[in-house]
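Asker: Structure incoming, see below.
Values in this text are rule-based calculations from the coordinates and carry no lab data. Predicted, not measured: the structure shown is a model, and the values here were computed from it. Neighbour counts run over all protein chains shown; Cβ positions are idealised from the backbone, glycine included.
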Amino acid sequence: MIRVAIGIPVYNGEIYLKEAIESAIDQSESADEIVVFEHDSIDRSLAIAQSFEPKVRVVHENSCMSIGAAWNAIYEHSSCDYVVMLHADDFLAPDAIATIKSTIARDRNIDIIFGSWRVLENGKVIEGIVPKPPETLLRDSAYTRAVLQDGYLPPCSGTCIRRSTIVKNGFRQDFEVALDFEFFIRASWIAQVSEIATNLATYRIHQDSTLQNKLATEKIRRDLSKWWDLLESKEIVVPDEILPVYRASLFRRIVHAFLHDLWGYQRQSIAQWLNLMQDAIDKYPCLTKSAFTSRSLALYKLAALGRVGCESAALIAWLGHKYWNNHPKL
């Protein structure tokens, strides 16, 4: 019989942790195991988690772990065949486990199951914030196209992953923010993936959420630069048949980061992106067609002319955001 666990990694998550654990416990069909992996917290996270014992199993470590290491540890500590990831500030849909178990029962070859996006921000629920992929995405060109060409990112919370998949091909431990996106792209050639047309969890946006503060934005810059360097040095190995579209997809996100910094006129970051982008385009000229829109290419060329050009491009980007609601998102 297939066993499914819920894994909750937590680091200083006292504000929403109780709600997350309660959503894991109050399932219409119980999970076979609930593991709360608390690490390095200086708030009441550990005490909150322990208050739910023995309904949950609490694992505690103080070892200055990276996000990737903590996420991987959830799967290493579980004894189940599959683990549903739940972030400490999110919560599961009441029928998440029942839906996942019935999906696995229909196809035991599935490695990853994810649902549709559901976001909670300022008390308001937002559906469809991320473009929806085709109804069924298995290990074929449809999923690859969704994550690479369309920029689709499956929701991390609520996603169910076969334990052995993470043990063998876990989240990168050297990325600070982009580790989920990198993994879900890699999943296109290491796993069989299925999307189900229902919500499994709610992602909560709050002041400390990823991408909601300047520190997170700086982490994204570092991750994208590192990601490109790892790809160029072949430390990240991609199948030859999808390497060009993979490279273009990553470069497209670098272009978005450049436009974001151009809009905010972050001069130091703009200079770094221009150097990286120029080197990349010199090596792969096709990126000008596969990774830019006509508007972003024009802004890049203008910014590359020097200080005056960069200031002009920044002003155009700012006007685009102010008057045309065209603020590029990371």
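Asker: Can you give me the relative contact order of the chain as a percent, contacts being Cα pairs under 8 Å and 6 or more apart?
Answerer: Relative contact order, the chain: 16 percent.
Asker: Can you list the residues, at least 5 places off or on another chain, whose amide H is less than 5 Å from the amide H of D43, using H built in the peptide plane?
Answerer: Close amide H contacts, sequence-distant or interchain: N12.
Asker: Using Rg and Dmax of the Cα atoms in Å as the read-out, say which of (1) 22.3, 85; (2) 23.6, 79; (3) 20.7, 66 was calculated from these coordinates.
Answerer: From the options (1) 22.3, 85; (2) 23.6, 79; (3) 20.7, 66, the structure gives (3).
Asker: Go through the range 214-279 and name the trypsin sites (Lys or Arg not before Pro) that are in a DSSP coil and have 16 or fewer other Cβ atoms within 10 Å of their Cβ.
Answerer: Within the range 214-279, the qualifying trypsin sites (Lys or Arg not before Pro) (loop, at most 16 other Cβ atoms within 10 Å) are K234.
Asker: Ranked by Cβ crowding within 10 angstrom, fewest neighbours first, how are V308, V193, V35, V177 ordered?
Answerer: So the residues, fewest neighbours to most, are V308, V177, V35, V193.
Asker: If you don't mind, another one. Can you tell which of S79, S63, S51 shows the greatest fluctuation in a Gaussian network model of the chain with Cα springs below 10 Å?
Answerer: Checking each option, the largest mean-square fluctuation is seen for S63.
Asker: For each pair in K18/K101; K124/K219; K168/K283; K55/K101; K124/K289; K124/K301, compute the distance between the two Cα atoms and list the pairs where it is over 31 Å.
Answerer: In this structure, K168/K283; K124/K289; K124/K301 exceed 31 Å between Cα atoms.
Asker: Would you pull out the residues with amide H under 5 Å of Y152's amide H, same chain only if 5 or more places away, H placed 1.01 Å from N?
Answerer: When sequence neighbours closer than 5 places are left aside, the close amide H contacts are V147.
Asker: Shifting gears a bit: Taking each pair of distinct Cα atoms in the range 214-324 once, what is the resulting Kirkwood hydrodynamic radius in Å?
Answerer: 14.4
Asker: In the range 4-205, what % of DSSP beta bridges are antiparallel (nearest 5)?
Answerer: Percent antiparallel among DSSP bridges in the range 4-205 is about 35.
Asker: Run through every distinct alpha carbon pair of the range 178-243 and return the Kirkwood hydrodynamic radius in angstroms, one decimal place.
Answerer: After inverting the pairwise mean of 1/r, the radius is 14.5 Å.
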